[in-house]
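Here the structure comes first, spelled out in structure tokens, and everything after it is commentary.
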Amino acid sequence: MTKELERHAIVVVGGGPAGLAAAIGAYEAGERDILVLERDTQLGGILNQCIHNGFGLHTFQEELTGPEYAARYIALADELGIERRLGTMVMDISADRVVTAVSSEAGITRIQAGAVILAMGCRERPRGALAIPGYRPAGIYSAGTAQRLVNIEGQLPGREIVILGSGDIGLIMARRMTFEGAHVQCVAEVMPYSGGLKRNIVQCLNDFDIPLLLSHTVTRIEGRQRVEAVWIAEVDEHMKPIPGTEVRYPCDTLLLSVGLLPENELSREAGVELSPVTRGPVVNESLETSIPGVFACGNVLHVHDLVDYVSEEAANAGASAARFVQGAIDAGDGQRIPIVATDGVRYTVPSSVSVTRMPEALTVRFRVGNVFRDHYVSVYLGDERIQHRKKRVMAPGEMEQITLKRAELLAHPDIESITVKLEEE
Ligand SMILES: Cc1cc2nc3c(=O)[nH]c(=O)nc-3n(C[C@H](O)[C@H](O)[C@H](O)COP(=O)(O)OP(=O)(O)OC[C@H]3O[C@@H](n4cnc5c(N)ncnc54)[C@H](O)[C@@H]3O)c2cc1C
């Protein structure tokens with residue numbers, strides 16, 4: 001027997017910080033019929049395993065742990081009576097916004113959504129170990145899996161640790177494993193700069209005398225049953241190991257922290273256009289994807305460094321979704337202007353803007369492709385430079401932002417593009 005199609009104004013896919021803030025943002029924008037679908041048995045997403053502090057400095061001006069930060073949003077969602085279904089995995093989203101989900105309690109459910117908000121987060125890149133010769137013995141973990149084992153399951157994955165990749169999770173796990181009594185020998189990073197936040201390098205490595213080996217990589221893994229040692233070599237500017245620089249590190253565990261990727265299968269299958277740079281959906285000023293009425297926020301859109309920005313962005317996505325179902329988003333696109341990222345700027349979110357649909361001030365976030373010292377972030381409307389702000393250091397691990405003002409764009413009615421770039425002077 002085919003179940004009847006359920007209907008909800010807004011369906012949020014994922015109950016992590018992005019999904020929760022999006023649902024609350026939609027509620028605050030006047031929408032009441034909101035349903036959050038979460039595959040896990042609890043809300044909060046990745047924050048539940050991030051028991052270190054450092055969350056919420058911007059949002060609450062307090063240093064919270066991940067679970068504490070999540071708890072604030074869960075409490076607010078409870079207060080507002082936002083409906084959620086846990087243990088419910090979304091399997092498919094169609095271009096006409098029919099969401100198919102499965103749970104052990106309800107079986108397969110099909111929901112016609114007025115608007116869908118994608119908030120599925122990201123997953124770890126598995127790439128690190130694949131290019132390393134040797135057997136695949138026990139003792140190789142992604143840093144996030146190790147974090148889950150230690151912080152949620154209460155298991156220590158090993159005692160002598162080498163970490164490949166200096167993304168934030170790797171840095172945080174270097175400190176965490178040290179706290180748990182393991183010995184972290186080093187963090188090797190193939191790039192000449194770390195992929196993580198500066199504050200994590202200081203607080204998680206420097207404070208514990210854990211060496212960060214920049215321009216180094218793992219070239220060999222020893223051991224058949226269990227990791228016995230890894231070999232680390234320096235790399236040249238083409239990231240090729242330099243002969244004669246290999247050093248053997250006896251260890252029982254290799255943690256991989258080689259980056260995060262938006263969880264984009266559902267988005268891709270729905271037919272949402274994806275950015276080749278962020279691997280998340282291409283969105284406009286309303287955080288709306290290429291499918292009308294499908295919005296995206298949080299790490300599924302682009303990998304964020306701070307959860308505060310996730311919450312802020314997601315609240316905007318929620319408000320936009322509410323406006324969409326209320327018919328308040330102008331269907332006509334007005335004048336749509338592409339935002340071009342160039343000269344050191346890898347991408348921008350959003351990647352285009354409609355002057356008629358944008359708010360008075362629009363935050364545009366981006367990441368740079370290298371470490372830049374004493375460079376200017378410049379914004380051009382056509383040929384005219386309208387912003388020129390010097391920054392002492394910009395690094396790929398930290399997100400940057402500019403603000404576009406509607407009034408300024410209205411004063412330039414003929415421009416065909418907005419350019420965000422880095423300049424030396
Ligand atoms: C190890 C680590 C350390 C961090 N440290 C800090 C820090 O110190 N300070 C800071 O500010 N930020 C930190 N962050 C960043 C911050 O935690 C993330 O940016 C934030 O959690 C992203 O939120 P999200 O909701 O987009 O994704 P997630 O938290 O990953 O949530 C996504 C949710 O979607 C659910 N989901 C996915 N697919 C489906 C599906 N098909 N159906 C149903 N549900 C689904 C998942 O189960 C999950 O609950 C850290 C992140 C990590 C990984």
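The values are calculated or read from the model by the stated rules, or taken from the named source; none is laboratory data. Since the structure is predicted, the reported quantities are computational estimates derived from the model, not experimental observations. No Cβ is skipped: glycine too gets one built from the backbone with ideal geometry, and neighbour counts run over all protein chains shown. Note: areas computed on protein heavy atoms with side chains; ligands, DNA, RNA excluded. Shrake-Rupley method; radii C 1.70, N 1.55, O 1.52, S 1.80 Å.
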For this session: Kindly indicate the residue of the stretch 169-186 that is away from the ligand (no atom under 15 Å from the Cβ) and open to solvent by 30 Å² or more (accessible area, probe 1.4 Å) and also farthest from ILE51 (Cα to Cα) among those meeting that condition.
Result: GLN185
For this session: Those residues that are under 18 Å from ASN48 (Cβ atoms) and either within 10 Å of the ligand (Cβ to nearest atom) or open to solvent by 90 Å² or more (accessible area, probe 1.4 Å) (or both), I need them from the stretch 58-67; list them, please.
Result: THR59, GLU63, LEU64, THR65, GLY66
Exercise. In the stretch 387-404, what count of residues is obtained for those that are surrounded by fewer than 16 Cβ atoms within 10 Å (Cβ to Cβ) and among the hydrophobic types (A, V, I, L, M, F, W, C)?
Worked result: 1
Seminar exercise, completed: When (1) at pLDDT below 95; (2) away from the ligand (no atom under 14 Å from the Cβ); (3) not in a loop (DSSP other than H, G, I, E, B) are applied to ARG224, the one that fails is (3)
For this session: Might you let me know whether the stretch 374-386 holds any residue that is touching a Leu at 6+ places or on another chain (Cβ under 6 Å), surrounded by 18 or more Cβ atoms within 10 Å (Cβ to Cβ) and assigned by TED's automatic domain parsing to the domain that holds VAL340?
Result: yes
For this session: Being in contact with a helix residue (DSSP H, G or I) (Cβ under 7 Å, 6 or more places away or on another chain) and not in a loop (DSSP other than H, G, I, E, B) is the filter; apply it to the stretch 178-199 and report the residue that is nearest to GLU124 (Cα to Cα).
Result: VAL187
Seminar exercise, completed: Selection from the stretch 274-308 of residues among the hydrophobic types (A, V, I, L, M, F, W, C), more than 10 Å from the ligand (Cβ to nearest atom) and in a loop (DSSP other than H, G, I, E, B) yields VAL277, VAL282, VAL283, LEU287, ILE291
Exercise. Which one is nearest to LEU306 (Cα to Cα), of the residues in the stretch 7-30 that are within 16 Å of the ligand (Cβ to nearest atom) and outside any helix (DSSP H, G or I)?
Worked result: GLY16
Seminar exercise, completed: For the stretch 55-68, pairs from a residue that is touching a residue at least 40 places away in the same chain (Cβ under 8 Å) to a residue that is assigned to a helix (DSSP H, G or I) and among the hydroxyl-bearing types (Ser, Thr, Tyr), with Cβ under 6 Å and 6 or more apart or across chains, are PHE55/TYR69; GLY56/TYR69; THR59/SER311
Seminar exercise, completed: Filtering the stretch 297-350 down to residues that are touching a Phe, Trp or Tyr at 6+ places or on another chain (Cβ under 6 Å) and modelled with pLDDT under 95 yields VAL307
For this session: May I ask you to list pairs of residues, at least six apart or on different chains, whose Cβ atoms are under 7 Å apart, with the first in the stretch 120-149 being more than 30 Å from VAL294 (Cβ to Cβ) and the second being of a type outside the set (Val, Ile, Thr) and at pLDDT below 85?
Result: ILE140/ALA129
Seminar exercise, completed: Counting only residues that are in contact with a strand residue (DSSP E or B) (Cβ under 7 Å, 6 or more places away or on another chain) and either aromatic (Phe, Trp, Tyr) or open to solvent by 70 Å² or more (accessible area, probe 1.4 Å) (or both), the stretch 136-154 contains a total of 1
Problem set entry | So ASP33, is it within 13 Å of the ligand (Cβ to nearest atom) and either open to solvent by 40 Å² or more (accessible area, probe 1.4 Å) or modelled with pLDDT under 95 (or both) | no
